[in-house]
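Visitor: Have a look at this one before I ask anything.
The values are calculated or read from the model by the stated rules, or taken from the named source; none is laboratory data. Just so it is clear, the structure is predicted and the values come from calculations on it, not from any experiment. Counting neighbours? That spans all protein chains shown, and the Cβs are built from the backbone with ideal geometry, glycine included. Note: areas computed on protein heavy atoms with side chains; ligands, DNA, RNA excluded. Shrake-Rupley method; radii C 1.70, N 1.55, O 1.52, S 1.80 Å.
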Amino acid sequence: MLGLGAARLEADMNRLMALLFHQGVLDEQFMQLQQLQDESSPNFVSEVISIYFRESEKLLKNLRSLLADRECTDYTKIGIHLNQLMGSSSSIGAKRVRTVCLAFRAASEHSNWSGCLRSLEVLEHEYCYLKTKLHELFQMEQHRVMAAGARYHPALS
């Protein structure tokens, strides 16, 4: 039985997850990722997501650099970076980020520099929103675990 604080945090987490699914930010792949977490790897999801964010930051930085000079834009490299970002986004269930990558890739395939710039802005927005919301979710989870732990170990309070 969860303590009252832990139960409230779990309800808040469920509401946030429902919102992220309703908004199309996440898809069922995120749920599958969560199912891989167990007692032997209690931080599995947060570790995978941390790797995703670390690698995605590099890809976004590279995309920004590639679009810095309109005359020297390498659309082939842009496509390669977008394919990497789409793949990793799909693997964690980042549905909206993946969808924006598809539109971005279409613009790059047509060597549409201004379309690529607009897509990069949208991609950065979606990426930041995803990162903020998943950070919020993991903070709630951490507090829920602590609250549940306090419930089971009153001598440690």
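Visitor: Sequence neighbours fewer than 8 away in the same chain don't count; with that in mind, list the lysines whose C-alpha is under 23 Å from Lys131.
Guide: The reachable lysines, counting only those whose Cα sits under 23 Å from Lys131, are Lys58, Lys61, Lys95.
Visitor: Still on this structure, please answer the following. For segment 1-76, what is the Kirkwood hydrodynamic radius in Å, using each pair of distinct C-alpha atoms?
Guide: Result for segment 1-76, one decimal place: 15.7 Å.
Visitor: Then there's this: As a check on your grasp of the helix formula, calculate [θ] at 222 nm for the chain: sum -39500 (n - 2.57) over DSSP H runs of n ≥ 4, divide by the residue count, round to the nearest 500.
Guide: Value at 222 nm, helices only: -27000 deg cm²/dmol.
Visitor: Pairing the Cα long axis of helix 75-92 with the longest principal axis of the chain, what angle in degrees results, from 0 to 90 and rounded to the nearest 10?
Guide: 20
Visitor: Please give the FRET efficiency for Asp12 paired with Gln37, using the beta carbon to beta carbon distance and R0 = 22 Å, rounded to the nearest 0.05.
Guide: Working: r = 19 Å, r/R0 = 0.86.
With a Förster radius of 22 Å, E is 0.70.
Visitor: Need one word for segment 89-154: rounded, prolate or oblate. Basis is the Cα gyration tensor (sqrt eigenvalues a ≥ b ≥ c); a/c below 1.5 gives rounded, then a/b vs b/c decides.
Guide: Prolate shape, in that a/c is at least 1.5 and a/b is the bigger ratio.
Visitor: Nearest 10 degrees is fine. How inclined is helix 44-66 to the longest principal axis of the chain, computing both from alpha carbons?
Guide: Long axis of 44-66 versus the principal axis of the chain: about 20 degrees.
Visitor: Tell me the angle of helix 95-109 to the major Cα principal axis of the chain, expressed in degrees between 0 and 90 and rounded to the nearest ten.
Guide: 10
Visitor: For the chain, modelled as a GNM with alpha-carbon contacts under 10 angstrom, which of Asp27, Asp74, Asp38 fluctuates the most?
Guide: Comparing Asp27, Asp74, Asp38 in a Gaussian network model of the chain, the most mobile one is Asp38.
Visitor: Which one of Leu26, Leu102, Leu36 has the biggest mean-square fluctuation once the chain is modelled by GNM with Cα springs under 10 Å?
Guide: The residue that fluctuates most here is Leu36.
Visitor: Same structure again: log10 I(q)/I(0), Debye, Cα-only the chain, no solvent, q = 0.11 Å⁻¹?
Guide: The computed values of log10 I(q)/I(0) come out as -0.51.
Visitor: So, with a 1.4 angstrom probe, what is the percent of accessible area on segment 1-130 that is carbon and sulfur?
Guide: That fraction is 54 percent.
Visitor: Please state the charge dipole magnitude for the chain, taken about the Cα centre, from unit charges on C-beta atoms (+1 on K and R, -1 on D and E), reported in debye and rounded to the nearest 20.
Guide: That gives a dipole near 220 debye.
Visitor: Please work out the Kirkwood hydrodynamic radius for segment 1-41, using every pair of different C-alpha atoms, and report it in angstroms with one decimal place.
Guide: This gives a value of 11.6 Å.
Visitor: If the reach is capped at under 20 angstrom between alpha carbons, list the aspartates and glutamates near Lys77, excluding any in the same chain fewer than eight residues apart.
Guide: Straight-line reach from Lys77, under 20 Å: Glu55, Glu57, Asp69, Glu109, Glu121, Glu124.
Visitor: A follow-up question, please. Per residue, how much accessible area does the chain have with a 1.4 Å probe, in Å²?
Guide: On a per-residue basis, 59 Å².
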